[in-house]
Amino acid sequence: LHAVQVSQGVSLFDFADMIAAAPALSPDTKVSGTLRSVLMQSAMNALQRASKVKFAGMLFFGAEARVCRDLEHLGVTAHRVPYGLDARAWQLGIARFSES
């Protein structure tokens, strides 16, 4: 989020109310696709409980197709960003989210 600049010195990170990350899902961590997906679903369930935001009100950006697909089954709008989040990917994700 720091990389996507909204204006001089202001990034998307400055607008984030809550950021969820699953430390075990670092790109360097070697886990199976199934385990990675289960861990991310668990992190999203914890985020949902903590925030009280329904899955339909969440937008997720992720590099892995399987994780995105599994989260969409929960009702999360998931936008795949295999090369990382940039301004264009952010805009496309927001457009998909607003359509849902």
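The values are calculated or read from the model by the stated rules, or taken from the named source; none is laboratory data. Just so you know, these numbers come straight off a predicted model, no measurement behind them. Please note: Cβ atoms are built from the backbone with ideal geometry, for glycine as well, and neighbour counts cover all protein chains shown. Calculation scope for accessible area: heavy atoms of the full protein, side chains included, ligands and nucleic acids excluded. Shrake-Rupley method; radii C 1.70, N 1.55, O 1.52, S 1.80 Å.
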Can you list residues whose amide H is under 5 Å from PHE61's amide H, if they're 5+ apart or on another chain and H is modeled 1.01 Å from N?
HIS79
Probe 1.4 Å, accessible area per residue of the chain, Å²:
66
HN-Hα J in Hz across segment 89-100 - Karplus 6.51, -1.76, 1.60, θ = phi - 60°, x for Gly and Pro:
4, 4, 4, 5, x, 4, 4, 4, 5, 6, 7, 7
Using amide H atoms built 1.01 Å from N in the peptide plane, name the residues 5+ places from VAL6, or on other chains, whose amide H lies under 5 Å from its own.
SER11, LEU12
Taking 8 Å as the Cα distance limit and 6 or more residues as the minimum spacing, I'd like the relative contact order of the chain as a percentage.
22
Note: probe point = Cα of ASP14 + 7 Å toward Cβ; backbone nitrogen < 17 Å; residues of segment 64-100 passing the test are 87
Ignoring ligands, DNA and RNA, what percent of the 1.4 Å accessible area of the chain is carbon and sulfur?
57
